[in-house]
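This report refers to the structure that appears directly beneath it.
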Amino acid sequence: MEIREGAAAAVGDNVLDYSRLSLDTFSVDSVSDERKKDTKQLYLNYNRLASLPSSVSLFCNLEFLDISNNGLSAICEGITRLPRLRQLIAKNNRLDEFSLPKEFGSLQLEVLNFSGNRFEEIPLQCMKLVRLQSLSLGGNRLKSIPSEIENLTSLELLYLGGNFITAIPPEVANLPYLSYLVLCDNRIQSVPPQLTRLYSLRSLSLHNNLLTYLPREILSLVHLQELSLRGNPLVVRFVKEMTYDPPSLLELAARSAKSRNVPYSPCDLPSNLLGYLDLASKCPNPKCAGVYFDSCVRQIKFVDFCGKYRLPLMHYLCSPECTSPCSSNPQSDAESEDESSVPAYRLQRVLLG
């Protein structure tokens, strides 16, 4: 179907709306040069476009482009010649990691939505969009999050729900303005404790994953208002006995040196031992002055969260003989209620959040 300028909805002087016209090609020949220059928003969604012609670059002042719900398998190089483009919406197409032009990362995008496509990896070009504030890749085929995600230092919303992601890289914690993190409907088994550095985080969606516990550090997310955990195999009772590997002779010696505050300097020890001693973790039990390195005991305890919920958090102790009352509230220790009867409703409110 051929388009005419008059076929576009007259939404405004700066808007061209060619949505829902069953277009299989897009030609700008019938659009006046003045209109091309004035257009700031272009809607091509809900058509039958298989490709986007490079002539889109003639809309030199374009700020918003919606090409969702087409059959696009590639985005033309011409899009990289749109210096004012801030929002690109390309949901529900056939795009994958090979569909973007090489210089895609040179755009000054602030909003990018690639949800409902065929990405198996997040393209590295996207990791160069340093002005990006919102990135959506939900409903794709992603298996991982690249460590380069930390380059997107302006990011406020990261939506990666409905993929096959198995792990959250600690580099996500290096996003200072991240407020909304959506990782629901994936295959994530654990949450890295580094996420405690996400001081701006307000909403964390982790429902329908494979989580069995949360790191204790999550309690530090003081601005968190929404936490969704439903559909995870979170434990509902305390685990007292877990596999414990005895410490090595190296660790025993290092523990003794650290717990007794034995003085040492680079003149006394080789660099590898100095580095090892710096890795000491203090036992969280306030009644224990011990430390540990590679060998520790894992325990799961329920602690109060926001004064409303009880969450299963992982704790690390220096030895099986060390018991820890290390919850944030004395009323949330194992002694506060029967471990075999943790009321399900006390978890439900957060799991269904």
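The values are calculated or read from the model by the stated rules, or taken from the named source; none is laboratory data. Keep in mind that this is a model prediction, so the values were computed, not measured. With ideal geometry, Cβ positions are generated from the backbone for all residues, glycine too; neighbour counts draw on all protein chains shown. Only protein heavy atoms, including side chains, enter the accessible area calculation; ligands, DNA and RNA are left aside. Shrake-Rupley method; radii C 1.70, N 1.55, O 1.52, S 1.80 Å.
Only one of 2, 103, 97, 34 is at pLDDT below 95 and either among the polar types (S, T, N, Q) or assigned by the TED database to the domain that holds residue 127 (or both). Can you tell me which?
34
Yes/no per residue for (1) part of a loop (DSSP other than H, G, I, E, B); (2) more than 16 Å from residue 111 (Cβ to Cβ); (3) free of Cβ contacts under 8 Å to residues at least 24 places away in the same chain:
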{"residue": "27", "(1), (2), (3)": "yes, yes, no"}
{"residue": "55", "(1), (2), (3)": "no, yes, no"}
{"residue": "60", "(1), (2), (3)": "yes, yes, no"}
{"residue": "65", "(1), (2), (3)": "no, no, no"}
{"residue": "69", "(1), (2), (3)": "yes, yes, no"}
{"residue": "72", "(1), (2), (3)": "yes, yes, no"}
{"residue": "94", "(1), (2), (3)": "yes, yes, no"}
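Of the conditions (1) basic (Lys, Arg); (2) more than 18 Å from residue 119 (Cβ to Cβ); (3) at pLDDT 95 or above, residue 91 clears all except one; give me its number.
(2)
Hey, does region 123-136 have a residue that's open to solvent by less than 20 Å² (accessible area, probe 1.4 Å) and within 21 Å of residue 47 (Cβ to Cβ)?
yes
Restricting attention to region 192-217, which residues are hydrophobic (A, V, I, L, M, F, W, C) and closer than 12 Å to residue 229 by Cα?
204, 206, 210, 211, 214
Just wondering, is there one or more residues in region 146-168 that are of a type in the set (Phe, Trp, Tyr) and within 15 Å of the chain's Cα centre (by Cα)?
Yes, some residue in region 146-168 is of a type in the set (Phe, Trp, Tyr) and within 15 Å of the chain's Cα centre (by Cα).
Collect the residues in region 102-118 that are more than 16 Å from the chain's Cα centre (by Cα) and assigned to a loop (DSSP other than H, G, I, E, B), keeping them in residue-number order.
Within region 102-118, 102, 103, 107, 108, 109, 110, 116, 117, 118 qualify.
Please count how many residues of region 134-151 are without any contact (Cβ under 8 Å) to a residue 40 or more places away in the chain and either part of a loop (DSSP other than H, G, I, E, B) or basic (Lys, Arg) (or both).
The number of residues fulfilling the criteria is 9.
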